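Worksheet for the structure shown next.
The values are calculated or read from the model by the stated rules, or taken from the named source; none is laboratory data. Just so it is clear, the model here is predicted, and its values are computed rather than measured. Note that we place each Cβ from the backbone using ideal geometry, even for glycine, and neighbour counts take in every protein chain shown. All accessible areas refer to the heavy atoms of the entire protein, side chains included, with ligands and DNA or RNA removed. Shrake-Rupley method; radii C 1.70, N 1.55, O 1.52, S 1.80 Å.
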Amino acid sequence: MPTDVVMPQMGESIFEGTITKWLKQPGEKVQRDEPLFEISTDKVDAEIPAPASGTLQDIKVQAGTTVQVNTVVGTIAAEGEAAPASTPAPAAAPTGKPPAGGDGGGKTQTEAERMAKDIPADLSIDEKDGLERQQQGTVVEYPGAGERVRSSPLVRKIAKENNVDLSQVPGTGLGGRITKEDIEAFIARHGAGAATTAPSAKPPTSTYAPAAVSAAAEPAAPPAPAVTGPLSPVGAVTPGEIVPMSVMRKKIAEHMVLSKRTSAHVHGVFEVDVTRIVKLREKTRAKFEQATGNKLTFTPFFARAVVHGIRKWPIINSSVEGDNVHYHPHINLGIAVALDWGLIVPVVKNAEERSFVGLQRAITDLGERARAKKLKPEEVQGGTFTITNPGIFGAKFGMPIINQPQVAIMGVGGIEKKPVVVTDKDGNDSIAIRSMMHLSIGYDHRVIDGAVADQFMAEVKKFLEGWNEELL
């Protein structure tokens, strides 16, 4: 019997997920625990492994669809088991196209049986008819291209939405057929709007798609872009292009607006001399990496300083619960990680119990798994204080928004050498070249006053400037 592939529950508070990308297509072999599809929830993006080995029999829920947990989204046929064509599930949301069962025009039984074949559920009747012809070897002509190109309606749909001339896309399928992977790879390399052959950038017209021909007589309207996965990196989009927000982007927007409405935001900025830390890192980084297998970054230095400051001012590590202030027993540090498609904040739990090496290992591990979509929902929950690092991209400092339900967040600015007036122990002043940076604190004025926030940051500054801990 085929094995059902279901939308997993990625945490107790998560009840639905959005499929952003299928990593396998029907008919392809899969191995148990091999990544099968990608999902996005309000907590985390993740790759979902195959529950069994065999052949992906069908995809019941297309990319871009949000479904409840435990919904069957596909099936896997066991090794040696035939993988018959099956009826795809109807799209979760209306697409404005005629239903697959007919349009009241008197479809024959033969046509109904044909349309029950394993073809994408979001295609029109004409596109479904064309797909069957395509499966039989029918080719599609593209006016002006000067050649005949093999592709499926799904590929043409992606090309149309991204303004790509398919005659310029190399096909790796049978007989030079352009696959979904081919068009996606082409767009990833060249961006949307690439390789068009005419100024009007009209979409290719199929020799068997009368619906597309009749639509040309109507006033043209920009097609709504389909959500086929996480948004491309900003540099890959075309100026003037309209793209949908990913699930992660929407949740970030909701969370940030909610935070601004909830907390009375106040910010402060401190300049810190980190010359001692910079020199120590340069001196010990090779030894550290050889001993631990991890690169030595600046983040664990700031994490240790925050832990020290919170021990002196525990209200920084609190949250508001109604009319009460909850002082958390453990320091769970959220470390913001920038992704190509958004931002995520994995959490280093019980940071106060970890050594410097333990902090570096945890930060490195969480960052790598965040970028690989391997985080578990519980690893992005439960934070009590957040560190974000705009300085990695050159910013002197930032004014970050508090990560609810926390009451404070620290921004780490860039480190630069500059001439500074220094005073020796005898009170003599001189000018020296020092490694300087700015740390910013955003805090909730409902529970934290400026004096407390400043004294906390003064402790962090003092700890960093007078660093005297061994790294190993």
- Message: Just to be sure before I move on: is LEU359 out of contact with any His (no Cβ under 7 Å at 6 or more places or on another chain), crowded, with 18+ Cβ neighbours inside 10 Å and not charged (D, E, K, R) in the structure I sent?
- Response: yes
- Message: Return the pair list, or none, for Cβ contacts closer than 6 Å from residues in the range 375-404 that are among the charged types (D, E, K, R) to residues that are assigned to a loop (DSSP other than H, G, I, E, B) and buried (at least 22 other Cβ atoms within 10 Å of the Cβ), at least 6 apart or on different chains.
- Response: GLU379/PRO346; LYS396/GLY413
- Query: What is the residue count in the range 56-66 for residues that are open to solvent by less than 20 Å² (accessible area, probe 1.4 Å) and not in a loop (DSSP other than H, G, I, E, B)?
  - Reply: 3
- Unique residue being under 27 Å from PRO35 (Cα atoms) and not basic (Lys, Arg) when the list is ILE344, ILE402: ILE344
- Item | Answer residue from the range 435-455, given it is open to solvent by 70 Å² or more (accessible area, probe 1.4 Å) and outside any helix (DSSP H, G or I) and is farthest from PHE397 (Cα to Cα) among those | ARG446
- Taking the range 379-393 as the search range and keeping residues that are in contact with a Gly (Cβ under 7 Å, 6 or more places away or on another chain) and assigned to a helix (DSSP H, G or I), which one is most open to solvent (accessible area, probe 1.4 Å)? PRO390
- Message: So GLU352 passes all but one of these: (1) in a helix (DSSP H, G or I); (2) in contact with a Ser or Thr (Cβ under 7 Å, 6 or more places away or on another chain); (3) open to solvent by 30 Å² or more (accessible area, probe 1.4 Å). Which condition number does it fail?
- Response: (2)
- So is MET410 out of contact with any Phe, Trp or Tyr (no Cβ under 6 Å at 6 or more places or on another chain) and either more than 17 Å from GLY268 (Cα to Cα) or open to solvent by 10 Å² or more (accessible area, probe 1.4 Å) (or both) or not? no
- Item | Residue satisfying condition, being at pLDDT 95 or above and either buried (at least 21 other Cβ atoms within 10 Å of the Cβ) or not aromatic (Phe, Trp, Tyr) (or both), within set LYS396, LYS425, LYS376, LYS417 | LYS417
- Query: Which residue out of ALA336, ALA370 is open to solvent by 10 Å² or more (accessible area, probe 1.4 Å) and modelled with pLDDT under 95?
  - Reply: ALA336
- Task: Mind listing just one residue for me: the one in the range 19-36 that is open to solvent by 60 Å² or more (accessible area, probe 1.4 Å) and under 24 Å from the mean Cα position of the chain (by Cα) and, of those, farthest from PRO49 (Cα to Cα)?
- Result: LYS21
